[in-house]
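Report on the following structure.
The values are calculated or read from the model by the stated rules, or taken from the named source; none is laboratory data. Computed from a prediction, not measured in an experiment: that's the story for all the values here. In this analysis, Cβ positions are derived from the backbone assuming ideal geometry, glycine residues included, and neighbour counts consider all displayed protein chains. For accessibility, only protein heavy atoms count, side chains too; no ligands or nucleic acids. Shrake-Rupley method; radii C 1.70, N 1.55, O 1.52, S 1.80 Å.
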Amino acid sequence: MDIPGKWNDVLVHQTDPYNAESPPGALASQITPLDSFYSRNHSSIPHIAPEGWRLRVDGLVDRPLELSMDELRSRYPERSVVATLQCAGNRRADLIEIRDIPGQVSWGPGAISTACWRGASLADVLADAGVQPEAAHIAFTGADVSQQAEPPQPFGGSIPVAKASSSEVLLAWAMNDRALPTAHGAPLRVVVPGWIGARSVKWLKRITAQAEPSDNYFQIEYSILPAEADPHRVKQADGITLGPIAIHCAILHPGKDAQLPSGPTEVTGFAFAGDDRTVERVDVSVDHGVTWAHADLDPPENLWTWQHWRATLTLPPGETELIARAWDSTAAVQPESLTTVWNPRGYANNAAARLHVTCRP
Ligand SMILES: Nc1nc2c(c(=O)[nH]1)N[C@H]1C(S)=C(S)[C@@H](COP(=O)(O)O)O[C@H]1N2
Ligand SMILES: [Mo]
C-alpha cells in the first residue's frame, strides 16, 4: 500500500493497518523528518475532509463546544512544543526473543520519533468549556473504527485532568512546520508529551470530561498484565494502565551484529526519560556490567524530548556484548534483564539496551 509522504527507508511491519518504524539513521537526528516518522495504526487510515469536520467537547463541562477547524485556529493562541512520541510496544521484538507474544507487531527500537508540533493548547480549550470539579479524566475519541475491538470501536483513550490541563498537551494541526499529514491524524490530533503514544489520539472527533478513565478498548489494551495472564481472558482490573513512559535508551551505532576492527570505537544512541523527567546519565559496559563508562549526553532540549549520547570505548578482539543503561532525574535506572519486564502483550520494554558485536584483531 502506498502511504503518501512515507519514504521507503521506514521499516514496514504491516501495510493495512499501516505500521512502520523509523530507521536508525532517522533516530540519530533530534527532529525526525516527516517521511521517516514512525506510524502506528489500529485500522485503515481515515481521510477526513476538513470542511465538514467538527470537534465536540462535552461531558462534565459548563459550556459544551462544537468547533470547526477555523474556529479552533482563531479562538485559541497557537502554541508549539518539540516532543518525542513513543509507542508502548517499542522494542517488543526483544521480548519476543525470550518468550513469544503472538498476534502483536514485532517492533524493533524505532517505534519512536520526535517532531515540532503546533496547535491549540488542550488546557485553553478545556478552560473555555469550563471543566466541572467532578471531572477527573479527559477522554479522546478518534474517527477511525478498529476491527481489533469486539465489537469494532473507534480508537480512544483518556488522561487525568491534571495532565490534560498542563501546557505541553496540544491539539495539533501542524508537524515540523507542515500541515499535519493524514497518516499522523489530520485534521487534528492530541499530543500528550512524555506519555505512551496511544494516548495521543489521531483524527480527533470528541473530547469528553468524565469522572472515570475511558472505557475504550484501547485504553484497557495498553496495560501491563501479570506474566501468566491470558491476554484474551482478562478483566480490566488485571492490568496496570500505561501512562507516563519509563526511562530507556537505544544503541544506534554500531548496528546490530556489526563486524568492526578492535580498539577505540564510537558508540552512539539516544535515551528518553518520559513524562516531565530528563535523562541524567547514560552508562555503557563492555564487561557484562562489571564496570561502566559514562557517555557524553546532550542536554535536554526541553522536558519532552529524547537526548542523544556518545561514548568512545575500547573494544577487545572477538565477541563483545555492549550494554547501555540510562538514569533519569528521579534516579530511576533501566532494569538489567528482559525477564524482569516481559509481559503478555509486550508493552513498555525498558530493559537495558544490549548489542552484540564481533571485532577483528
Ligand atoms: N485514532 C487513532 N489514534 C491513534 C492510534 C490509532 O490507531 N488511531 N494509534 C496510537 C498509537 S498506539 C500510537 S503509538 C500513536 C502513533 O502516532 P503516529 O502514527 O503519528 O506515529 O498514535 C496513537 N493514536
Ligand atoms: Mo502505540
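What the table shows:
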{"item": "Amide H partners (placed H, <5 Å) of Ser329, local residues excluded", "result": "Thr278, Glu280"}
{"item": "For the stretch 113-142 and the stretch 30-106, distance of Cα centres in Å", "result": "13 Å"}
{"item": "Length released on extending from Leu11 to Asp62, taking residue separation times 0.36 nm less the Cα-Cα span", "result": "13.8 nm"}
{"item": "Protein accessible area in the chain, 1.4 Å probe - carbon and sulfur %", "result": "52 percent"}
{"item": "Gaussian network model of the chain, Cα within-10 Å springs - most flexible of Gly194, Gly239, Gly89", "result": "Gly239"}
{"item": "Dipole magnitude of the chain about its Cα centre (Cβ charges: Lys, Arg +1; Asp, Glu -1), debye to nearest 20", "result": "280 debye"}
{"item": "Extreme residue, positive dipole direction of the chain, given options Pro317, Leu180, Asn19 (C-beta unit charges)", "result": "Leu180"}
{"item": "Pairs of Cα atoms farther than 21 Å apart, the stretch 11-241, %", "result": "56 percent"}
{"item": "Loop-resident sites, the stretch 180-284, for GluC sites (Glu not before Pro), counting at most 13 other Cβ within 10 Å (DSSP)", "result": "Glu228"}
{"item": "Two-site label geometry, Leu225 and Asp287: point separation in nm, points 7 Å out along Cα→Cβ", "result": "4.3 nm"}
{"item": "Candidate aspartates and glutamates - alpha carbon under 16 Å from Lys205, same-chain residues fewer than 8 apart omitted", "result": "Glu51, Asp58, Glu66, Asp70, Glu71, Asp144"}
{"item": "Charge dipole (debye, nearest 20) of the stretch 14-114; +1 at Cβ of Lys and Arg, -1 at Cβ of Asp and Glu", "result": "200 debye"}
{"item": "Mean separation of Cα contacts under 8 Å, 6 or more apart, over the residue count of the chain: relative contact order %", "result": "16 percent"}
{"item": "Translational diffusion of the stretch 248-360, µm² s⁻¹ [Kirkwood Rh, Cα pairs; Stokes-Einstein; 10 °C; 1.306 mPa s]", "result": "110 µm²/s"}
{"item": "Ellipsoid semi-axes in whole angstrom, largest first, where each is sqrt(5λ) of the Cα gyration tensor of the stretch 182-329", "result": "37, 20, 14"}
{"item": "At R0 = 25 Å, FRET efficiency that the Cβ-Cβ distance of Glu266 and Glu336 yields, to 0.05", "result": "0.55"}
{"item": "Gaussian network model of the chain, Cα within-10 Å springs - most flexible of Ala129, Ala164, Ala49", "result": "Ala49"}
{"item": "Modelled FRET efficiency - R0 45 Å, His294 with Glu51, Cβ distances, 0.05 increments", "result": "0.25"}
{"item": "Whole-Å semi-axes of the ellipsoid equivalent to the stretch 150-197 (Cα gyration tensor, √5λ, descending)", "result": "20, 18, 8"}
{"item": "Residue-normalised accessible area of the stretch 248-360, expressed per residue, 1.4 Å probe, Å²", "result": "43 Å²"}
{"item": "Per-residue [θ]222 nm for the chain (sum of -39500 (n - 2.57) over DSSP H runs n ≥ 4, rounded to 500)", "result": "-2500 deg cm²/dmol"}
{"item": "Amide hydrogen neighbours beyond the local backbone of Val82, cut-off 5 Å, H modeled", "result": "Trp117"}
{"item": "Prolate/oblate/rounded label for the stretch 1-140 (Cα gyration tensor, a/c 1.5)", "result": "prolate"}
